[in-house]
Each structure stands twice: as C-alpha cells, then as structure tokens.
Amino acid sequence: MKTIKELISEGLTEVAASREILREENVRRVYKQFPELKDIDDQIIGIRGNRLIAVIDKDEKLIRRYDIAEEELQTKRDRIIARNGIDPDFDVVKSICDKCDDTGFTKGSDGTLKVCSCRKRELEQCYELSGMSDYSSYRMKNFRDDYLGNAGSRKKIRNELLKAMLGISDGDEKSSLWIYSAPPQSGKTFLSVCVCKTAINLGKSAFYVKCEELAGLGSDTLESLKRIDFLLVDDFADSVTLYNNVGSILNSILEVRAAANLPTVLVTPFPKSELVGKCDMRISGKLSSARLISPEGR
Ligand SMILES: [Zn+2]
C-alpha cells in the first residue's frame, strides 16, 4: 500500500524534468525574440571558459581581464533586459506550482500540512489504493449537517470522528480504539470515507475497509494496516468476525495498533453493549474499553 507521501515523492523526478523543459522553452523563446541577448550570453560563457583556464594557469593578469570583460557584457545584458522588459529570471529554473513550490504540500494558517491542489491526481490514486475506489464521489465538501434531520448530532459525530483520526482526546481515556455506532442508513459509510480521505489530504496514511473484506486482502496490505496512521473498519458486526478467519485477522491488527497507540475506528449498526456480549473473546475485551461515538439517545 502506497501512501500519499510516497506517491508525491515518486512524482518529483517528473516534476523536476518538467521544470527543466519549461526553463529551456522559456530561454529558447527569449533568445529567438532577442538574438543580441543570446549573442552576449554566448560570449559570457566563452569568457568564463577562458577564465577557468587562466585560473588553472594562475595568470592573475588574464583573470582580471576576463573579469572586466564579463562585467562589461553583464552591463550590456542588463540594459537589453531592462529596455525590452524581459523577465530578468527568464533563464532560472522556476517552480511549476506557486502554492507549494513543487513540494506537494502547503501549510495552513494553523501550521497543518495539506496536500497541494496540484497533486489531485496523486490524491485520487491514493484514495483508490486506500480502499476507496468505489467512493469517488464521497467528499467532505458534500457533507450535509441536515442529512436525514438531526443536524446537531450529525455534525458532532463528524467532529468526533475527525478528532479520533487526529488522535485528539478530550478526556482521560487512553484507548486508541473507537466504536462508531449508529443505525443503518444513517450515512455512516459516507462520513467514514470522508474522514479517511481527510486523513490522506493531511498527508497521513489511512485505509478504509469493510470488515468482511479483511479476509480478502493480501498479506502485505494486512501488514501495512497494522502500521498506518488511521484505520477505519466499516460494517463491523460480531457475526462477521466468525467467518473466514476475520476475527483473528482483525484481532492481530488491533493488537499491534493498540500497542503503537494508532487510532482505529470500528463502524457498526449495533450498540456497543451488544457487540461486547457477542463477539469473539479476544475482540470483545478490546471493545469494552473502546471509546464510543454515537448519536444521542443510542
Ligand atoms: Zn502545488
């Protein structure tokens, strides 16, 4: 499983090549329009070559002569540039993206890093690699407080999920495991996917997976789920853990993540007490100390 940071750094060579191409293109355009400038630049390059030889020969007099010659050419050059309104940095390598200087990340006013908008393609790719290829239209910006009514509660749940993802805790509770329990058809998957995408937008590694699909993941992916910054397991139910070894797979993931204090959210339509009572012993123990996110009155 590749993270957004890996995807961005893989793209850096490509970006550097594009920068160089843009620079060459810019220089070519300016030289074509102002051949006298190219002529001076060629002369400067020639003088620098000769000066280097003079330096090797330790010929101080000659070095001085070349320095004066270059100075004169530079003055001429500056004049041509100023007279014609040419960008003085036309031959300098420039960032393609002004917002992030091609690093792929921008810093918000509060100091948090965010993937720059110029890396949309990498973000989409990362969402897909992080279990969310079926949810391309799920975006936090489409989040509505009043979905199915109960605006206050829904917003509160969203904020609690975001806090869980960021590892922020209000009280003294130490558990890094959360249960997000809400009735069926209450928009749980939408919120879950959006929170995972937000994690990725903030440069974190995250994964969205439906509980029953854990059994179908490759061993490399399962290993990486133990170490990523944020994991969300949707459609969690005691019955699911009984089939295809899902219980044992999930248990070993939860164990490693708990030891490293990495936030994990189990999303379920069932009340916490019911899950604690019915689940596989090992998982049940972890659930009982888990923190709960749920709508009021549940
Ligand atoms: Zn950018």
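Bear in mind these aren't lab numbers, they're just calculated from the coordinates by the rules spelled out. Note that the structure is predicted; figures quoted are calculated from it, not measured. Note: ideal-geometry Cβ built from the backbone for every residue, glycine included; neighbour counts use all protein chains shown.
Can you compute 3J(HN,Hα) from phi for each residue in the stretch 118-123, using the Karplus curve 6.51 cos²θ - 1.76 cosθ + 1.60 with θ = phi - 60°, rounded to whole Hz and x for Gly and Pro?
Ordered by residue, 3J(HN,Hα) equals 6, 9, 4, 5, 5, 4 Hz.
Which ³J(HN,Hα) values in Hz, rounded to whole numbers, follow from the phi angles of the stretch 14-21 under the Karplus curve 6.51 cos²θ - 1.76 cosθ + 1.60, where θ = phi - 60° and Gly and Pro get x?
In residue order, the calculated couplings are 4, 5, 4, 5, 5, 4, 5, 4 Hz.
If packing is taken as the average number of other Cβ atoms within 10 Å across a peptide's residues, how do 220-228, 69-77 rank, most packed first?
Details: 220-228: 16.3, 69-77: 14.2.
Ranked by mean Cβ neighbours within 10 Å, highest first: 220-228, 69-77.
So how strong a dipole does the chain carry about its Cα centre when Lys and Arg Cβ are +1 and Asp and Glu Cβ are -1, to the nearest 20 debye? Mind showing how you got there, number by number?
Numbers: 47 positive and 47 negative charges, 143 e Å.
About 680 debye.
Going by amide H atoms built from the backbone, whose H comes under 5 Å of the H on Y180, apart from near neighbours?
L266, V267, T268, I293
Assuming 0.692 mPa s and 37 °C, estimate D for the stretch 21-77 with Stokes-Einstein, Rh taken as the Kirkwood radius over Cα pairs, in µm²/s.
The diffusion coefficient I find is 264 µm²/s.
Could you list, by residue number, the cysteines of the chain that have no other cysteine's beta carbon within less than 4.7 Å of their beta carbon?
C126, C194, C196, C211, C279
Semi-axes of the equivalent ellipsoid for the chain, please: Cα gyration tensor eigenvalues, times 5, square-rooted, ordered largest first, whole Å.
Values: eigenvalues 723, 84, 51 Å².
In descending order, the three semi-axes are 60, 21, 16 Å.
Below 12 angstrom from the Cβ of N251, what's the summed charge of the other residues (Lys, Arg +1; Asp, Glu -1)? Mind dumping the intermediate values first?
Numbers: positive: K226, R257, R282, K286; negative: E255, D280.
Local charge sum for N251: +2.
Answer with one residue from S219, L262, A164: the one whose Cα lies farthest towards the positive end of the charge dipole of the chain, charges on Cβ with Lys, Arg +1 and Asp, Glu -1.
Most positive-ward Cα: A164.
Per residue of the stretch 64-77, what does 6.51 cos²θ - 1.76 cosθ + 1.60 with θ = phi - 60° give for ³J(HN,Hα)? Whole Hz please, x for Gly and Pro, Karplus curve as stated.
Whole-Hz 3J(HN,Hα) from phi for the stretch 64-77: 4, 5, 5, 4, 5, 4, 5, 4, 4, 5, 4, 4, 4, 4.
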